[in-house]
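No value in this document is a laboratory result; all are computed from the given coordinates. Predicted model only: the values in this text are computed from it and were never measured. Every residue, glycine as well, gets a Cβ built from its backbone with ideal geometry; the counts of neighbours run over all protein chains shown.
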Amino acid sequence: MSPEPPERSPAPLATYEPSGSVLPLATYTGHSDNIQSIAFLPDSKHIVSGSFDGSMRVWSLTQGDEVEEAERHSHWVRSLSFSRDSSRVASASDYKSVIVWSTSTGKRLAGPFTGHTGWVYCVAFSPDAERLATCDLNAMRIWHSHSSELALPPIHTHDGGGARSLSWTPGGNQIVAGCVDNSIRIFDTLNGSQIARWVSHTSSIWSIAISRDSRYIVSGSFDKTVKLWDATTHQQMGPALQHDEYVWSVCISPDAKYIASAGYDKTVMLWSLRKLVDPSYTIDQVRDPAFMILSHDLHVFFPG
């Protein structure tokens, strides 16, 4: 479903960054309520966002507008995850369930996956798309994605570190979790044991993502920041990225060039990951992509 064509503003000649700052590359609007989930399609050309308005919307990075609205949930959509081949998307809702959808038709393929005792905060496909990881504040569950049966007994977190976000490592042998005690944790997917833990924010972490090359972890928190981490040393890379409100969701593009974040301010922000890794890198020195953000307009203009 496409919105009414907005009145266009002229394309800017250039976009510049104040010294020492990191700015979003693009902003997309259209949801009528808070956005709590966001995911890149594997083609790195589209983003899907899930909202408290019950809808999932597909956004084009090249066209700068909404291209599709999928079948609606009856409750808030809290999390989204794509299979590697882009054919399926899994969504988690407040109805204690998970559903797998076709990305080509928007129709249900599997589920609901039931068994959680509270709101399902996150769903994540394994790299081979054969398993799904989900979590509520009491336990993490790993499922067979086609049969909706558990692959492991529930992994319980009883120390106050309940997970709100999960991300598989590319090899599929570990899961990175963002937790309510402000920590990031890493779990073994074969036996459910905890491998690592470090405190990373000043408030609960609501979203976590790891790059396909396993080099970077990105976290989004209720402290209104997005942070980039070295996945090996667990050290922060670059400054914290600021939102005006709570950060609900973050993701890294498959090519590891961009970070996307979304939250309570009802906007999706696109950031340059390279700018965080290399502070000397300035976006206005290159043609790739220096965008002007027009928050009232769904279109993103490319200067030059």
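Can you give the local net charge around LEU166? Use residues other than it whose beta-carbon is closer than 13 angstrom to its beta-carbon, Lys and Arg +1, Asp and Glu -1. Once all neighbours under 13 Å are counted, the net charge is +4. Principal semi-axes of the equivalent ellipsoid, √(5λ) from the alpha carbon gyration tensor of region 30-285, are 24, 22, 17 Å from largest down. For region 30-285, the dipole from Cβ point charges (+1 on Lys and Arg, -1 on Asp and Glu) about the Cα centre works out to 320 debye, to the nearest 20. A dipole drawn for region 30-285 from +1 and -1 charges on Cβ atoms has a positive end, and of GLY172, GLN242, SER51 the residue lying farthest that way is GLY172. One chain, two ends: GLN242 and SER102. Fully extended at 0.36 nm per residue, the span grows by 47.0 nm beyond their Cα-Cα distance.
In this label model, SER32 and ASP278 are separated by 4.5 nm, measuring between points 7 Å along each Cα→Cβ vector.
Among the lysines of region 30-285, pairs at least eight places apart or on separate chains and with Cα atoms under 17 Å apart come to 5.
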